[in-house]
Amino acid sequence: MGNLQLVDYLMFFFAFWFVAALTYHYGLGRGLESGGILAIEGTGGYLIARNYVDTYERFCKSITLCILLISVCSVPCLYEMLTGTNFFGRESLTEMRLGLHRAHGPFVHAIALGIFGGSVFSICVLLTKSMDPVSRWIVRVAVLSTALSSVSTGALVDALLQIQLLIWAAVFTRHPSKWKLLFVVLMVLYICVDIASNRTPIRVFFDYLTLNPATGYYRQNTWDYGMREVMRHPFLGIGFEDWKRPSWMVASSIDNFWLVLAIQNGLPSALSLLIASVVMIMRVLKADQRFGFQPIRQCWAISFTALMVAGVTVHFWGPMLVYFCFLLGSGAALLANLQMDRPLIVLIKN
């Protein structure tokens with residue numbers, strides 16, 4: 001693992017606050033049991049990546065394994081989306097959206113399939129670049145189709161944002177401050193939407209990035225009432241208790257990873273993980289200035305940024321939380337002076 005970095009300390013604080021908040025609400029026994037398990041799920045994935053995905057070679061091989069697993073799932077998941085028949089021993093689907101079944105694949109929920117399927121698309125684009133054209137597009141389409149077969153807003157946001165960021169990077173490939181420029185453009189757009197619309201930019205986001213208008217409206221109210229709950233309990237949250245909302249909002253679940261963290265465990269928990277994620281992205285992008293440009297760093301930053309944004313529309317729990325923190329920890333492998341990027345087909349042979 002080497003010398004401890006700021007991100008490491010933030011992750012340790014994230015785990016500590018998780019346990020401390022639940023201990024405050026439920027006592028030492030349940031706090032250590034429930035909080036400890038959740039803390040291990042989060043920091044466990046991160047620490048595994050920090051200790052074992054510590055070189056460029058191991059990073060590429062771990063992502064290659066993800067790409068292969070996603071590609072293998074593509075055909076069964078597409079069939080499941082069209083027919084509702086699951087090939088992985090799970091019950092047939094009844095939930096539909098846009099006239100399509102929401103494929104689960106080998107996961108417990110369609111959201112998990114969509115997030116995993118689309119999470120490394122930009123890295124897949126890079127690693128398949130040196131393959132022959134037919135193989136290249138077969139792998140890319142397979143990865144993208146697996147994500148979209150979940151018919152999930154989170155997967156759609158994740159995939160579309162990566163595609164848009166890849167296009168931005170290609171258009172401004174020679175511009176040294178392209179990401180700072182993008183940040184300025186987004187801030188200007190945010191201000192323009194805030195001025196021109198009678199809705200807040202957050203409401204506009206939910207309106208246009210949900211597959212179901214009714215779902216978008218519900219997400220808007222979830223955000224509004226969820227943030228009120230956060231403001232009432234900003235430091236230690238409310239634990240696993242039910243959050244206050246109008247009686248017509250029957251569902252207690254919240255499709256927003258960052259909001260769930262803040263409501264359950266307080267702002268320190270959510271902010272520590274958010275800051276750790278942003279710091280890692282900034283360090284990886286800044287490494288290009290120190291060691292010379294490497295496309296793999298840029299593609300990891302694009303993939304992980306998209307995953308963070310997708311967290312506004314879905315909740316990461318269980319294996320999804322482990323996977324999120326694993327990708328975060330794997331970013332540390334890209335902070336050293338790396339060799340040239342190697343194509344996916346070479347990594348498979350090795």
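The values are calculated or read from the model by the stated rules, or taken from the named source; none is laboratory data. No experiment lies behind these values; they were computed from the predicted model shown. Cβ sites come from the backbone with ideal geometry, for glycine too, and all protein chains shown count toward neighbours. Note: areas computed on protein heavy atoms with side chains; ligands, DNA, RNA excluded. Shrake-Rupley method; radii C 1.70, N 1.55, O 1.52, S 1.80 Å.
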(message) Could you work out the relative contact order of the chain? I mean the mean sequence separation of Cα pairs under 8 Å and 6+ apart, divided by the number of residues, in percent.
(response) 26
(request) Can you give me the span-like helices of the chain, meaning DSSP H runs with 20 Å or more of Cα extent along the axis and Kyte-Doolittle mean at or above -1.0? (result) 6-30, 36-52, 56-83, 133-148, 153-171, 178-196, 267-291, 295-310
(message) What is the percent carbon and sulfur in the accessible area of the chain, measuring with a 1.4 Å probe over the protein chains and ignoring ligands?
(response) 67
(message) Give me the tail of P(r) for the chain as a percent: Cα-Cα pairs with distance above 34 Å.
(response) 26
(request) Sequence neighbours fewer than 8 away in the same chain don't count; with that in mind, list the lysines whose C-alpha is under 30 Å from residue 129. (result) 61, 178, 180, 286, 349
(request) Compare the peptides 300-307, 82-89, 5-12, 42-49 by average per-residue count of other Cβ atoms within 10 angstrom and give them in order, highest first. (result) 300-307, 42-49, 5-12, 82-89
(request) Would you please report the Å³ per residue occupied by the convex hull of the alpha carbon atoms in region 24-166? (result) 163
(request) Compute the accessible area per residue over the chain, keeping the other protein chains in place, probe 1.4 Å, unit Å². (result) 48
